[in-house]
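J.: Take this structure, written in structure tokens, and hold onto it; I'll ask about it next.
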Amino acid sequence: MKRYALITGASAGIGEEFAQQLAKKGWNLVLIARREEKLKELSQQLGRDFGIDIRIYTADLSDQSIPVKLFNYCQDKELDVAMLVNNAGYGVPGDFEKNNWKTHNDSLQVMLNSLVELCHLFYPQMLTNKYGRIINVASLAGFAPPTAGHTLYGATKSFVIRFSHSLHLEGKGKGIHVTALCPGFTYTEFHDANGTRKMVSKLPKFMWMSSKDVVSQGIDAVEKNKPFKVNGKINRVIAALSSAMPDWIARGLFAGKANKYRKR
Ligand SMILES: NC(=O)c1ccc[n+]([C@@H]2O[C@H](COP(=O)([O-])OP(=O)(O)OC[C@H]3O[C@@H](n4cnc5c(N)ncnc54)[C@H](OP(=O)(O)O)[C@@H]3O)[C@@H](O)[C@H]2O)c1
């Protein structure tokens, strides 16, 4: 069986950059997203440039049947998924009650349930092979204090960080490395997709990172078996202060600032 890295949300941003950097390192790829054309273009370019094998799997991860179907697809094609990059995600702007339940439920399915289920499906094979790499893309928001609006996003990412840390501990000594990657503001389609581009473009340039840096640091972190990686010095300071400060101070400091950049 040939080794593959499976990347969700590979049609844009951080996921697409994972595809580029892992292809360069010689990984064969399974790429997942909804936009088939984007995946096809990417797959052609990567095949041409790096001569690797690439499978594209067009799917909407808000459909709860997808993780098992995707796993069965990899089994049928005898693809040994030795690296799993759970990256697909997006923000749901606005106050909690202003979005209907399907919108919230879909976001939980994409960023939480499917992420956990994919780990659960692919982990046993990694255990058998005594080799596995799992990168779960969380966010600085998972460390930062809660804010009003985008209600489920930070909570979901906190879950991803803690879940990944537990799995990281379980994988120790078994050849399985698990890392939660926690970027701050990163130049991708993320803020176009959730309609907050205008607001976040007011943020100073030093707050932003390229997906290239975020991804190379993520790959380095999983190789070193770090339980989590917060990208960028400023973001690391924010994460450390958020954890070290008494909750009431952190919440007070953060909530006011964050409101300026959140769509209500
Ligand atoms: N950019 C930031 O500032 C930032 C900061 C912290 C964390 N993050 C996290 O980084 C991850 C990647 O985001 P990004 O910044 O690269 O955003 P992006 O450029 O908008 O890319 C998001 C990716 O997720 C895929 N996706 C979204 N909904 C999906 C669904 N229902 N089913 C399957 N795929 C879906 C999209 O593909 P299709 O549209 O083709 O389906 C796309 O490939 C997310 O988990 C996000 O929370 C981003």
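The values are calculated or read from the model by the stated rules, or taken from the named source; none is laboratory data. Computed from a predicted structure; not experimentally measured. FYI the Cβ positions are ideal-geometry reconstructions off the backbone, even for glycines, and counts take in every protein chain you see. Accessible surface is based on the protein model in full, side chains and every heavy atom, while ligands, DNA and RNA are left aside. Shrake-Rupley method; radii C 1.70, N 1.55, O 1.52, S 1.80 Å.
J.: What pairs can you find where one residue is in segment 109-130 and polar (S, T, N, Q), the other is assigned to a helix (DSSP H, G or I) and within 15 Å of the ligand (Cβ to nearest atom), and their Cβ atoms are less than 6 Å apart, with a gap of 6+ or different chains?
T.: What qualifies is Ser114/Pro67.
J.: Considering only segment 66-99, how many residues are loosely packed, with under 14 Cβ neighbours inside 10 Å and within 16 Å of the ligand (Cβ to nearest atom)?
T.: So the answer is 2.
J.: Count, please, the residues in segment 169-204 that happen to be among the hydroxyl-bearing types (Ser, Thr, Tyr) and either under 13 Å from the mean Cα position of the chain (by Cα) or open to solvent by less than 30 Å² (accessible area, probe 1.4 Å) (or both).
T.: 4
J.: Restricting to segment 84-104, name every residue that is modelled with pLDDT of 95 or more and in contact with a Lys or Arg (Cβ under 8 Å, 6 or more places away or on another chain).
T.: Leu84
J.: Identify the residue in segment 105-144 that is more than 16 Å from the ligand (Cβ to nearest atom) and assigned to a loop (DSSP other than H, G, I, E, B) and, among all such residues, is surrounded by the fewest Cβ atoms within 10 Å (Cβ to Cβ).
T.: Lys130
J.: Can you spot a residue in segment 45-52 that is modelled with pLDDT of 95 or more, touching a helix residue (DSSP H, G or I) at 6+ places or on another chain (Cβ under 8 Å) and open to solvent by less than 20 Å² (accessible area, probe 1.4 Å)?
T.: There is at least one residue in segment 45-52 that is modelled with pLDDT of 95 or more, touching a helix residue (DSSP H, G or I) at 6+ places or on another chain (Cβ under 8 Å) and open to solvent by less than 20 Å² (accessible area, probe 1.4 Å).
J.: For segment 169-197, what are the residues that are touching a strand residue (DSSP E or B) at 6+ places or on another chain (Cβ under 9 Å) and within 11 Å of the ligand (Cβ to nearest atom)?
T.: Within segment 169-197, Ala180, Leu181, Cys182, Pro183, Gly184, Phe185, Thr186, Tyr187 meet the criteria.
J.: Criterion first (without any contact (Cβ under 8 Å) to a residue 60 or more places away in the chain and at positive phi) does Gly175 satisfy it?
T.: yes
J.: Same structure again: Does segment 231-241 contain at least one residue that is surrounded by 14 or more Cβ atoms within 10 Å (Cβ to Cβ), more than 20 Å from the chain's Cα centre (by Cα) and free of Cβ contacts under 8 Å to residues at least 24 places away in the same chain?
T.: yes
J.: I'd like to verify a number: residues in segment 148-168 that are within 16 Å of the ligand (Cβ to nearest atom) and either open to solvent by less than 30 Å² (accessible area, probe 1.4 Å) or assigned to a strand (DSSP E or B) (or both), how many?
T.: Of the residues in that region, 8 qualify.
J.: Still on this structure: For segment 135-168, which residues satisfy the criterion of being of a type in the set (D, E, K, R) and under 12 Å from the mean Cα position of the chain (by Cα)?
T.: The one that is of a type in the set (D, E, K, R) and under 12 Å from the mean Cα position of the chain (by Cα): Lys157.
J.: Still on this structure, I have one more. Identify the residue in segment 19-62 that is assigned to a strand (DSSP E or B) and of a type in the set (S, T, N, Q) and, among all such residues, is farthest from the ligand (Cβ to nearest atom).
T.: Top of the filtered list is Asn28.
J.: Filter segment 13-41 down to residues that are open to solvent by 20 Å² or more (accessible area, probe 1.4 Å) and among the aliphatic types (A, V, I, L, M), then give me how many there are.
T.: Total satisfying the criteria: 1.
J.: Determine whether segment 82-104 contains at least one residue that is touching a helix residue (DSSP H, G or I) at 6+ places or on another chain (Cβ under 8 Å), of a type in the set (Ser, Thr, Tyr) and part of a helix (DSSP H, G or I).
T.: No, there is no match, as no residue in segment 82-104 is touching a helix residue (DSSP H, G or I) at 6+ places or on another chain (Cβ under 8 Å), of a type in the set (Ser, Thr, Tyr) and part of a helix (DSSP H, G or I).
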